[in-house]
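Data first, discussion second: the structure below is written as structure tokens.
The values are calculated or read from the model by the stated rules, or taken from the named source; none is laboratory data. The structure displayed is predicted, hence computed values, not measured ones. Note that each Cβ is placed from the backbone with ideal geometry, even for glycine, and that neighbours are counted across all protein chains shown. When the accessible area is computed, the model is the full protein with side chains, heavy atoms only, and any ligands, DNA or RNA have been set aside. Shrake-Rupley method; radii C 1.70, N 1.55, O 1.52, S 1.80 Å.
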Amino acid sequence: MKRAHGVRLLVSAAAVLLTAAPAFGAVDSPVFPAPHRTAAGSSSEMPAVGTEVPSNMTGPDSVIEVGPEVITADLSGGIKQKAERDPHQPNPTRSVLLRTTGFHLEGTSPDREFTVTIALKGTDTLAESSLRMMSARPPRFVEHDVILVTVSVERRGEPALTLETHAPLSLKCTGLTRFPPADSRYELARPVDLFAPGESVPVGRIRALPTVRGASPITP
């Protein structure tokens, strides 16, 4: 990993776009308060339609690129999803769509030089995420999350740089035995380009986002 010392975050590769990027917090995304734990537990059954399900998340060794900078950060936070009917599968005990109503990950680089925040961009109007039961006995689920996000990168002593994705994050877990997940690992299907708002030329990307969702759900 390249250490980000002596090179300013507002690099020449992105400099022409920085005036288009609003300050941290200016992008229209929902506020996501600090999570607190609940007593809810996981289930080996599908969530009922209309149920809103929170889960805690960590993103150890996440990698964000901005220009020549390669930033590794340990992220933590949570996701909240609402189960909805799948129009392609009439049986909700086998398949549901998941509308993302909250998503927030935040953390720092090991040297605490950078703070990285990944949050839900606007409102999830498409509900393209899904949860499917592949086997009832033993229980096995496949979850595929499709989430548009904004990414804020702030170097110590400098203004925050807020970027957005044009294509959604695609996170998948094929080995679920219960939902909400219990220490289950989700992998990023492919790197996701990052853009200054209103621009069409990427200035960075989310290169790795190996998240783990734990057994103790949280309420975002």
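Pull up all non-local amide H partners of residue 149: gap of 5 or more, or a different chain, and H-to-H distance under 5 Å with H placed in the peptide plane.
For residue 149, the qualifying residues are 121, 165, 169.
Return the sequence-ordered ³J(HN,Hα) values of the range 59-75 in whole Hz as given by the Karplus equation 6.51 cos²θ - 1.76 cosθ + 1.60 applied to θ = phi - 60°, using x for Gly and Pro.
So the J values, rounded to whole Hz, are x, x, 6, 6, 10, 10, 10, 9, x, x, 6, 10, 10, 9, 9, 9, 9.
Based only on the alpha carbon positions, what is the Kirkwood hydrodynamic radius of the range 45-167, in angstrom?
Value: 16.0 Å, from the Cα pair sum.
Give me, ordered by chain and number, the residues 5 or more places off residue 182 or on other chains with an amide H under 5 Å from its own placed amide H.
Amide H neighbours of residue 182, under 5 Å, 5+ apart: 177.
When the distances between all Cα atoms of the range 156-200 are binned every 10 Å from zero, what whole-number percent does each bin get?
Histogramming the range 156-200 at 10 Å steps yields 22, 30, 28, 18, 2 percent.
Leaving out ligands and nucleic acids, and using a 1.4 Å probe, what accessible area per residue does the range 100-155 come to in Å²?
Per-residue value: 41 Å².
Once amide H atoms are placed 1.01 Å from N in the peptide plane, what residues at a sequence separation of 5 or more from residue 89, or on another chain, have their amide H within under 5 Å of its amide H?
HN-HN under 5 Å from residue 89: empty list.
What ranking do 161-169, 199-207, 88-96 get when scored by the average of other Cβ atoms within 10 Å per residue, highest first?
161-169, 199-207, 88-96
For the range 105-220, state the average projected area of the convex hull of the C-alpha atoms over all orientations, rounded to one decimal in nm².
8.7 nm²
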